[in-house]
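Notes follow once the structure below has been shown.
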């Protein structure tokens, strides 16, 4: 039994209408099986494009959908977790099972994944899962491969793994066509999205299946649903001042920045390290007081009661929280929930949230353009910067938003120029090929 598109309207019930970008992609995603790549501003509703592709597959496959797997791959666990919560609610009622396969799930969960239709995973996890794919019938059932934030392919550390995984899936697709009756199976489809790919055509060429080129769609800032103001603030930094000390001095500037640009709406502050996140949050609690309703304070006290981290518990009741990958998953969920509903005025975080976790930040602040990686401070990449400022102004929460970059006075002009253009995405695979390819 096959269903028409009308059967799946409940998946999109929160949208009275599709926005411009969603409307432009609609026909290609819902009425063709071609691979698809889109480059569009962050906050333009690209998750809906994945949902349209899922709907297309379900329209093509008769019930009970037991012979298909859909893989959603994102670079961070927090994004996988959010998509799991969202899609479990949307697709569960029509009979689809969702399951996470990330660093926060244990190997015992692999048994449950056998019963899952939609699998949320990271490149690293899916790499380990598919190394012996010829012996894994589950992997061979994948018919739709969704890639979120595909710009990560340019990252010298994580990019090679992502590239290996996608290339392996393309190999599986090719070999399955070679040994099976292609008329009896639905070919694997690739759909990739990102906000920061200037050379999306190259990604589309990579994802082409040999017979048909992938559809490539590029949208610029003019089509961003929420208009974004971008501000770069430069601060003096003496020659003998270390990056660590400069980062500490910025903690005492945060209160003024929030007061100037937040309009008393939720603020997300990105910091260089996990320790820096906690330090900056503690300073702000002493420097600023936030206007909150009695009910809001009561809800925050209730949230604080369930927090395991004692430092976080102490500051949360003052309207300030923090979030990083080293925290207990339960604490992360509580903080994300409080910020999402607007009870938490300010949230400090590391890059854990930079990749697309949908939080209602009217103001985004990047506190220092240096971060701690590999035992030393280094500049954020342009991709990282654009992803972080892209957290400002989500369509369902704002009509306008602001992003503030706090950097050294000597690098202020660099970041002003950066916001005007983007780096080309290039492969980092060659340096890892010997130890990664399987």
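The values are calculated or read from the model by the stated rules, or taken from the named source; none is laboratory data. Source: prediction; values computed, not measured. We place every Cβ from the backbone using ideal geometry, glycine too, and count neighbours over all the protein chains shown.
The table that follows gives values for the structure above.
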| item | result |
| --- | --- |
| Hits in the range 210-235 (condition: in a loop (DSSP other than H, G, I, E, B) and at pLDDT below 85) | 210, 211, 220, 224, 225 |
| Matching residues in the range 35-61 - criterion: being in a loop (DSSP other than H, G, I, E, B) and more than 22 Å from residue 220 (Cα to Cα) | 61 |
| The listed residue being in a loop (DSSP other than H, G, I, E, B), buried (at least 21 other Cβ atoms within 10 Å of the Cβ) and touching a residue at least 12 places away in the same chain (Cβ under 8 Å), out of 75, 64 | 75 |
| Any hit, the range 335-347, residues being closer than 17 Å to residue 275 by Cβ, modelled with pLDDT under 90 and surrounded by fewer than 24 Cβ atoms within 10 Å (Cβ to Cβ) | no |
| Matching residues in the range 270-296 - criterion: being modelled with pLDDT of 90 or more and farther than 20 Å from residue 250 by Cα | 294, 295, 296 |
| Candidate set from the range 186-199 (those that are touching a strand residue (DSSP E or B) at 6+ places or on another chain (Cβ under 7 Å) and modelled with pLDDT under 90); member that is farthest from residue 152 (Cα to Cα) | 186 |
| From 112, 124, residue being more than 30 Å from residue 15 (Cα to Cα), part of a helix (DSSP H, G or I) and at pLDDT below 80 | 112 |
| Matching option when the condition is surrounded by fewer than 16 Cβ atoms within 10 Å (Cβ to Cβ), out of contact with any helix residue (DSSP H, G or I) (no Cβ under 9 Å at 6 or more places or on another chain) and closer than 23 Å to residue 257 by Cα, among 302, 275, 297 | 275 |
| Residue tally, condition touching a helix residue (DSSP H, G or I) at 6+ places or on another chain (Cβ under 9 Å) and under 20 Å from residue 12 (Cα atoms), over the range 53-67 | 6 |
| Some residue of the range 31-53 being surrounded by fewer than 13 Cβ atoms within 10 Å (Cβ to Cβ), on the phi < 0 side of the Ramachandran plot and free of Cβ contacts under 8 Å to residues at least 24 places away in the same chain | no |
| Residue 175 vs. criteria modelled with pLDDT under 80, surrounded by fewer than 23 Cβ atoms within 10 Å (Cβ to Cβ) and in a helix (DSSP H, G or I) | yes |
| Any chance residue 290 is crowded, with 20+ Cβ neighbours inside 10 Å and under 20 Å from residue 338 (Cα atoms) | no |
| Residue 216 being surrounded by 18 or more Cβ atoms within 10 Å (Cβ to Cβ), more than 21 Å from residue 54 (Cα to Cα) and more than 20 Å from the chain's Cα centre (by Cα) | no |
| Residue 307 being out of contact with any strand residue (DSSP E or B) (no Cβ under 8 Å at 6 or more places or on another chain), assigned to a loop (DSSP other than H, G, I, E, B) and surrounded by 12 or more Cβ atoms within 10 Å (Cβ to Cβ) | yes |
